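See structure below.
The values are calculated or read from the model by the stated rules, or taken from the named source; none is laboratory data. This is a predicted model, so every value here is computed, not measured. When we count neighbours, we look across all protein chains shown, and the Cβ atoms used for this are built from the backbone with ideal geometry, even at glycine. These accessible areas exclude ligands, DNA and RNA; they are computed on the full protein's heavy atoms, side chains included. Shrake-Rupley method; radii C 1.70, N 1.55, O 1.52, S 1.80 Å.
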Amino acid sequence: LDGDGLIGVSDLLQLLASYGAVCEIPESVWDCGDPINYHGYDYATVQIGDQCWFAENLRTELYRNGDSIPANLSDLDWISTNEGARSIYGEGTSECFAQEPHLNACEETYSLEQFGSLYNWYAVNDIRKVCPSGWHVPDNTEWTEVFELYGGLNAAGLHLKASLGWSTPFLGTNSSGFSGLPCGYRTFATGDFVDVGGNGIWWSSTAAGSVAFSALLWGGDGVTWEGADFNFGFSVRCIEDTE
């Protein structure tokens, strides 16, 4: 078709164009383990069994549609709100308690960089979604699948906890790649920040009545389930949707 006597790409493109077909250059393929950009931040991801997870805590200031998630709530506003809200460990004038080895955890910039943000369950349950398109906050079934993959409630914590950051002798092996850190939480009753260095707690999207479930990694090798008031501030991980 191009007159050079050889069948090449240009000939094929002309042939396709003659029949109204468009030859597009395919987009690069994303694989679990590659970072995913969400609202300007690149989140690490990890394959855990058949699931793909964020390998770090959510820190977005926005819902999926770009609406802001309210922040900088006073203690009174935090414990009384029934709308989505986010917080950073140690922000504002709230009481803040930090255990070894996180002596700087009550400093907002350090805390955000190390642990991400804390969210109440109203944000987790908001129809505007906190996770990016194609991702969601895991429910009890999805959390349980991970726990069972690593030996159940009595053993999974060892594999989910990071190998740094926890007080000795409670370090994890991080064989899962989950990289769970002891991020602490914001209380529902007073608005205080507590337990950084000792506990890491992540929301489940599953609720029952007036409480939502959360997964707790603590000082031992295990994992515990907790029913938590909606006004707690816990960490959030996103998991990829399955078709």
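For Ser80, project a label point 7 Å along Cα to C-beta. Then give me every residue of region 193-234 with its amide nitrogen under 17 Å of that point.
231-232
So for Ser74, Ser94, what's the accessible-area order with a 1.4 Å probe, most first?
From most exposed to least exposed: Ser74, Ser94.
Going by amide H atoms built from the backbone, whose H comes under 5 Å of the H on Ile69, apart from near neighbours?
Excluding prolines and chain starts, which carry no amide H, the hits are Leu62, Tyr63.
Taking all protein chains together and a probe of 1.4 Å, list Leu16, Leu62 from the most accessible to the least accessible.
Descending accessible area places them as Leu16, Leu62.
How big is the equivalent ellipsoid of region 143-224 along its three axes, where each semi-axis is √(5λ) from the Cα gyration tensor, reported in whole Å from largest to smallest?
21, 17, 9
Which sequence of Lys129, Lys161 reflects their accessible areas, 1.4 Å probe, from the largest down? Provide the component values of the computation, followed by the final result.
Values: Lys129 95, Lys161 0 Å².
The most accessible residue leads, giving Lys129, Lys161.
Hey, can you find the accessible area per residue of region 73-230 for me, probe 1.4 Å, expressed in square angstrom?
43 Å²
From Cα pairs below 8 angstrom and at least 6 apart in sequence, can you work out the relative contact order of the chain, rounded to a whole percent?
With pairs under 8 Å counted, the relative contact order is 21 percent.
Once neighbouring chains are kept in place and the probe is 1.4 Å, which whole percent of the accessible area of the chain is contributed by carbon and sulfur?
For the chain, the apolar C and S fraction of the accessible surface comes to 53 percent.
For region 54-95, what value does the Rg/Rh ratio take when both radii are computed over Cα atoms and Rh is the Kirkwood radius, given to two decimals?
With Rg and the Kirkwood Rh in hand, the quotient comes to 1.00.
For region 99-243, what is the relative contact order in percent, using Cα pairs closer than 8 Å and at least 6 residues apart in sequence?
Result for region 99-243 is 28 percent.
Taking a probe of 1.4 angstrom, what is the accessible area of Ser205 in Å², to the nearest 10?
Estimated to the nearest 10 Å², Ser205 gives 50 Å².
Would you work out the relative contact order for region 21-147, in percent, from Cα pairs under 8 angstrom that are 6 or more residues apart? Can you show the working numbers first?
Values: 155 pairs, mean separation 26.6, N = 127.
The normalised contact order for region 21-147 reaches 21 percent.
Which one, [x] 52, 39, 32; [y] 50, 48, 30; [z] 79, 38, 36, gives Cα extents along the principal axes in Å as derived from the coordinates shown?
[z]
Binned at 5 Å from 0, what are the whole-percent values of the Cα-Cα distance distribution for region 1-117, short to long?
2, 9, 12, 12, 12, 10, 8, 6, 6, 5, 4, 4, 4, 4, 2, 1
Given springs between every Cα pair under 10 Å in a Gaussian network model of the chain, which of Gly33, Gly198, Gly184 has the largest fluctuation?
Gly33
Per DSSP H run of n ≥ 4, the term is -39500 (n - 2.57); total these for the chain, divide by its residue number, and report the mean residue ellipticity at 222 nm rounded to 500 deg cm²/dmol.
-4500 deg cm²/dmol
Roughly how much of Ile79 is accessible, in Å² to the nearest 10, using a 1.4 Å probe?
60 Å²
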